[in-house]
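The structure appears right after this line, and notes come after that.
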Amino acid sequence: MAMAARERIPDSEKITINLGYVDLGRIDLLVQEGFYSNRSDFIRTAIRNQLTAHAPEMAQSIERHTLEIGLREFTAADLDALAAAGERLHVKVLGLARFAPDVRPEAVRRVIASLTVLGAVQASPEIKAALADLMT
């Protein structure tokens, strides 16, 4: 019995930033001097340091907004059960909201009342279209 290959889901998302030439040169100098392995290493470290510095404020904000942290995954079975119970969700995620390949657009429209994602949404184009006017 052959097992289906598991779908590779990226654990990060690529972003683009614009930096002034002087700042870029300063980063390159730190890389050249061996403080960082490359520009990306410097930028990731700087971001982590800023997130650590603002951890108390983020914790208060997360509590105030009742955000789910990390991965929030929706499957067809999840949404069907919620629909059967007559529930509507106001979903708030800090991280990744992922909709499984078996999720149908009509199930999303029936169950998701609103969706706020600070991070990324992984879903088929059809699901993203169904969510378009629900996202805040």
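General observations
- Residues satisfying the stated conditions in segment 59-97, i.e. open to solvent by 80 Å² or more (accessible area, probe 1.4 Å) and in a helix (DSSP H, G or I): Gln60, Glu63, Arg64, Ala84
- Filtered residues of segment 98-136 (kept if part of a helix (DSSP H, G or I) and charged (D, E, K, R)): Glu106, Arg109, Arg110, Glu126, Lys128, Asp133
The values are calculated or read from the model by the stated rules, or taken from the named source; none is laboratory data. No experiment lies behind these values; they were computed from the predicted model shown. Just the protein is used for accessible areas: all its heavy atoms, side chains included, with ligands, DNA and RNA removed. Shrake-Rupley method; radii C 1.70, N 1.55, O 1.52, S 1.80 Å.
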